Every structure is written in structure tokens, then in C-alpha cells.
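**Student:** One structure, pasted below without further comment.
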Amino acid sequence: MTDTMKISSIKELYSTDEFNFWAYKEYSLLPEEKFFIETFLDKSLKTLEAGTGGGRIVSSMHKIGFKDLYAFDYVSDFIEIAKNKNNFNNICFSVDNAISLNYKDGEFEQLLYLQQVISLIEDEAGRYNAFQEAYRILKKGGTAIFSLLNFDSRVTSPLYTLYLAYLRILRKFCNVNRSIQYLPQLKYAGEINLESLLDKPPYLYWYRLEEAYQIIQSANFKIVALGSDFQVSQGRMHTSLETLKQAPNQGMLYFVCTK
Ligand SMILES: C[S@@+](CC[C@H](N)C(=O)[O-])C[C@H]1O[C@@H](n2cnc3c(N)ncnc32)[C@H](O)[C@@H]1O
């Protein structure tokens, strides 16, 4: 169990209990990250990674041949570490918040928002701003990839269904009117977070498939491919919401979009 008992925001969580875990992660890509990067991105184009932590994803992209790389995180200590590890100074790291970015309109040809970074934004307006900001900094014709926590998949796990039923009762009993899609993180840096049993903040936001689809569209993106980890494991994303709704939905949600 974590010994930090009073973490109240996601930013504080990443600055404390989750810090070492993400700051010093080995530079390699997970299979699903590799799939999206290799299938949908072009190594020669100007590319930005959101929520880079210690720079794992962006540095791995450099290793496989991406040339023009940028990355940001709102925890300045992560950016310090990422910069220090980047001996050849060939990736441009900066401290920035996905909700309100300092980059120029249309500055990037490709955007990568993996590891569910938008699900870590604790309020609805902030999450919407993050999609709008991504749209603003993407060049016309460019590609943006988002991964999001997937509520529809989570509710299919029997153990998790029990936990959700428990949370619903607890929230009702405590007169808390919080959507069940806001959930405490069960583990911090791989260790059980006992505060999750008490429904303590901070909360992550778990999207429903249709909801995520509508929000991304309402930020003006054109969705060209979508799916969950199931589709990634098959190497075949869907191109329409209607066909994906009929298909297995397991793991995270992924959207490949253009402007
Ligand atoms: C799950 S970690 C992933 C880190 C890194 N991308 C990796 O995969 O190794 C999520 C990261 O997103 C950052 N983050 C969360 N919300 C953010 C926001 N609104 N703006 C910028 N960074 C954010 C956190 O500080 C953390 O470094």
C-alpha cells in the first residue's frame, strides 16, 4: 500500500507516488504503442507527444527513426529528467498543460496522446479543452492519436462490477452525486491504493465508446480509425462506430483522427 495518504489531484499523484515509476521507465514501446506509431505515423513529420513523463515514448520514437520530435508534461520534474536523459538534445521537451498549450496553431503534423492522458484530466471542461487544444495545434491534414480509459470494457469484469456496485452504494449513502465513470485509481505505481476502497480522490475518467466518439467529433476531428485493445491485438481497427459497436470491446479505447 502507498504510504502517502492524502493525494488530492492527479498532478500531485504524478509528482509523488507515481513519479519514480514513470520517470525512470525503460525506453521501450508497448506492443499497442508500437502498433499505432508504426501503422499511422510518418517518421519524417513533426510530431508531439503529450504527457511524456520521463520521455519513454518519445525517446523510443527517436530510436526507431523519428526525426522531428517534441514532448510536454505538466510535471516540471519529469521534464527535467527527460531533458537530462536526452544527451544529444535532439528532442524538444517542455512543461505544458494539455488543457491550455503554449504551442502555435497548426504547429504539428502528428500528435500522440497515449497512456490515456486525457482521462487523467479531472473535469469535463478540461478534457474538452484538451481535445480542442490538440485540434488547434495540429496542422490541416495532420494525424492525432488518442487513447482513453474504456468504461464499457471495465464493466465486463466480474470483480470490477462488484467494486462498481459497492461504489454506487457508498456514493448514495454519502450523498455524493459523482458519475460512476469517475473512479479512483486502484493501484499507485503497481501497489494497491487502499484509499480507492474509501472512494477518495483523485479520480480518473472512464469513457463510454459512443461518448468518446461524440466528444472527439465535437472538437472537429475526423475519426479515421477506432478500436480497443482487442482490435489492436488483431491488427485491424474499425473505420466506423457502428461496426465497432457490434465487435468485441476490450482494454483501452483508441482513436486515430485527422484535421
Ligand atoms: C501514465 S503517465 C505516462 C507517461 C509517459 N507517456 C509514458 O508512457 O511513459 C501520464 C503522464 O501524463 C502527464 N499528464 C497528466 N495530465 C496532464 C496534463 N493535463 N498535461 C500534461 N501532462 C499531463 C502526467 O504527469 C504523466 O507524466
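Every number here is computed from the coordinates shown, using simple stated rules; none is lab data. In this text, all values refer to a predicted model and were calculated from it rather than measured experimentally. Cβ atoms come from the backbone with ideal geometry, glycine included; neighbour counts cover every protein chain shown.
**Student:** At THR243 and SER76, where each label point lies 7 Å from the Cα along Cα→Cβ, what is the point-to-point distance in nanometres?
**Tutor:** 4.9
**Student:** Stretched out fully, how many nm does the piece from CYS174 to LEU198 gain, at 0.36 nm a residue minus the Cα gap?
**Tutor:** 7.5 nm
**Student:** Zone of ASN220 (label point 7 Å along Cα→Cβ, backbone N under 15 Å): which residues in the range 93-111?
**Tutor:** The answer is 101, 104-108, whose backbone nitrogens lie closer than 15 Å to the label point.
**Student:** Follow-up question, since we're still on this one. Quick check: from the Cα gyration tensor, does the range 154-198 come out rounded (a/c under 1.5), prolate or oblate?
**Tutor:** Note, shape of the range 154-198 comes out oblate.
**Student:** If you don't mind, there's one more thing I want to ask. Hey, rough spin-label estimate for SER9 and SER100, points 7 angstrom out along Cα→Cβ, what's it come to in nanometres?
**Tutor:** 1.2
**Student:** Count the net charge of all other residues whose Cβ sits under 14 Å from the Cβ of GLN231, scoring Lys and Arg as +1 and Asp and Glu as -1.
**Tutor:** Spelling it out: positives minus negatives among the neighbours equals -1.
**Student:** Which residue, chosen from ASN97, SER196, SER15, occupies the Cα position most advanced towards the positive end of the dipole of the chain, where the dipole is computed from +1 (Lys, Arg) and -1 (Asp, Glu) charges on Cβ about the Cα centre?
**Tutor:** Of the candidates, ASN97 comes out farthest on the positive side.
**Student:** Once phi is turned into ³J(HN,Hα) by the Karplus curve 6.51 cos²θ - 1.76 cosθ + 1.60 with θ = phi - 60°, what whole-Hz value does each residue of the range 239-249 show in order, with x for glycine and proline?
**Tutor:** 10, 9, 4, 4, 6, 5, 4, 8, 9, x, 10
**Student:** Once you have a ≥ b ≥ c as the square roots of the Cα gyration tensor eigenvalues for the chain, tell me rounded if a/c is under 1.5, and otherwise prolate or oblate according to whether a/b is larger than b/c.
**Tutor:** Oblate, since a/c reaches 1.5 and b/c is not below a/b.
**Student:** Order the peptides 10-20, 24-34 from the highest to the lowest mean number of other Cβ atoms within 10 Å of their residues.
**Tutor:** Top to bottom by mean Cβ count within 10 Å: 10-20, 24-34.
**Student:** Of the peptides 89-101, 156-168, how do they stack up when ordered by the mean number of other Cβ atoms within 10 Å, highest first?
**Tutor:** The densest-packed peptide leads the list: 89-101, 156-168.
**Student:** How do MET237, MET61 rank when sorted from fewest to most other Cβ atoms within 10 Å of their own Cβ?
**Tutor:** Lowest count first: MET237, MET61.
**Student:** Treat the count of other C-beta atoms within 10 Å as a stand-in for reagent exposure and order TYR207, TYR74 from fewest to most.
**Tutor:** With the fewest neighbours first, TYR207, TYR74 line up as TYR74, TYR207.
**Student:** On a C-alpha basis, how far is the centre of the range 65-134 from the centre of the range 170-211 in Å? Whole number, if you could?
**Tutor:** One Cα centre to the other: 25 Å.
**Student:** Here is a follow-up. Based on DSSP, what percent of beta bridges with both residues in the chain are antiparallel, to the nearest 5?
**Tutor:** Expressed as a percentage, antiparallel bridges in the chain total about 50.
**Student:** Given +1 on the Cβ of Lys and Arg, -1 on the Cβ of Asp and Glu, and no further charges, what dipole in debye does the chain carry about its Cα centre, rounded to the nearest 20?
**Tutor:** Roughly 400 debye, rounded to the nearest 20.
**Student:** Quick one: Karplus J couplings for the range 176-191, per residue in order, coefficients 6.51, -1.76, 1.60, θ = phi - 60°, nearest Hz, x for Gly and Pro?
**Tutor:** So the Karplus estimates, Gly and Pro as x, are 9, 9, 9, 4, 5, 7, 8, 10, x, 6, 6, 10, 10, 6, x, 10 Hz.
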